[in-house]
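The values are calculated or read from the model by the stated rules, or taken from the named source; none is laboratory data. All values reported here derive from a predicted model rather than from experimental measurement. Counting neighbours? That spans all protein chains shown, and the Cβs are built from the backbone with ideal geometry, glycine included. We work out accessible area using only protein heavy atoms, side chains counted, and drop any ligands, DNA or RNA first. Shrake-Rupley method; radii C 1.70, N 1.55, O 1.52, S 1.80 Å.
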Amino acid sequence: MVANLIDEDPERAYAYSRVALRLASRVAAVREAAGFAAYATQKYAEALAEFRAARRMTGTVELWPVMADCERGLGRPERALQMAGEPEVQKLDKAGQVEMRLVAAGARRDMGQLEAAIVTLQSPELASNAVQPWTARLRYAYADALLAAGREGEAREWFAKALEADKDGATDASDRLAEIDGVEFVDVMDDLDGSLENQDLDDHEGGAPVSERGAEPGGTGDAGTQADAEGKAEGRPEGKAEDTSAE
């Protein structure tokens, strides 16, 4: 239940995790799930305690990167960096090592060491053309660091690369590209709803209720305006900016 809710409703997932802890606090999987629920709701002290408990029970190092990130959340980036240099990191699989690199780079940024953060992210995994589960997030973090350093051209290149690898929409790389390119997106449905509301208001001000002229609920009661509204619904809003962002 906690795993199913954690993305959609973190607070509810956290509430379920507290119940599970009361019932099965000696089960490692329960402690780990409780840790992720607390982490998702930014309760980093609780999350760290649960991750430590789960690690003691299982002996696994898989939780090492998220434990280090909890240290960041608690305002201790120096401790996170220390963890990034400890032997446990060498026992992580490739995905875990990339995650640890991301945490370490974040800690550098927390400390105001932007150039060091950029260097931390530079790695064979970043340079590889192969797309792995971590590729989009790694490229995105690198692009974000470059942009923060004022290197906009390079940042745009890496946001585009992040977007290429982001098949599941895990990042907002497309939005970041649009911001750099100065592209403004227009919500066609919002425009349509506003047009219909304005037409209804005009009809009422004209004296006769819309219902008396045979309009359907939510309609305009005017053939010309309805056609215009349908044109907008087909993607032809006035003043819509052309999206020139790179895919």
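Between GLU157 and THR58, what is 0.36 nm times their sequence separation minus the Cα-Cα distance? Round to one decimal in nm. Could you put the intermediate results ahead of the total?
Working: separation 99, 0.36 × 99 = 35.64 nm, distance 4.19 nm.
Fully extending the segment from GLU157 to THR58 adds 31.5 nm.
How much of LYS94 can a 1.4 Å solvent probe reach, expressed as accessible area in Å² and rounded to 10?
It works out to around 90 Å².
How large is ³J(HN,Hα), in whole Hz, for each residue of the stretch 59-68 in order, when computed from phi with the Karplus curve 6.51 cos²θ - 1.76 cosθ + 1.60 and θ = phi - 60°, using x for Gly and Pro?
x, 7, 9, 4, 8, 4, x, 6, 5, 5
Considering only C-alpha atoms, what is the centroid distance from the stretch 116-190 to the stretch 28-66, in Å?
With the stretch 116-190 and the stretch 28-66 each reduced to a Cα centre, they are spaced 29 Å.
List the trypsin sites (Lys or Arg not before Pro) in the stretch 1-92 that DSSP assigns to loop (not H, G, I, E or B) and whose Cβ has at most 16 other Cβ atoms within 10 Å. Which are they? Write out the running numbers ahead of the final one.
Working: sites: ARG12, ARG18, ARG22, ARG26, ARG31, LYS43, ARG52, ARG55, ARG56, ARG72, ARG79, LYS91; in loops: ARG26, LYS43.
In loop regions of the stretch 1-92 (DSSP not H, G, I, E or B), the sparsely surrounded trypsin sites (Lys or Arg not before Pro) are ARG26.
If I take every Cα pair under 8 Å that is 6 or more residues apart in the stretch 1-119, average their sequence separation and divide by the length, what percent do I get for the relative contact order? Write down the numbers at each step before the final one.
On the way: 144 pairs, mean separation 19.4, N = 119.
Relative contact order of the stretch 1-119: 16 percent.
To the nearest 0.05, how large is the calculated FRET efficiency for ALA24 and VAL119 if R₀ is 51 Å and r is the Cβ-Cβ distance? Write out the running numbers ahead of the final one.
On the way: r = 44 Å, r/R0 = 0.86.
After rounding to 0.05, the efficiency reads 0.70.
Just the number: Rg to Rh for the stretch 75-132, Cα atoms, Kirkwood Rh, two decimals. List each step's numbers first, then the result.
Working: Rg = 11.7 Å, Rh = 11.9 Å.
Dividing the radius of gyration by the Kirkwood radius yields 0.98.
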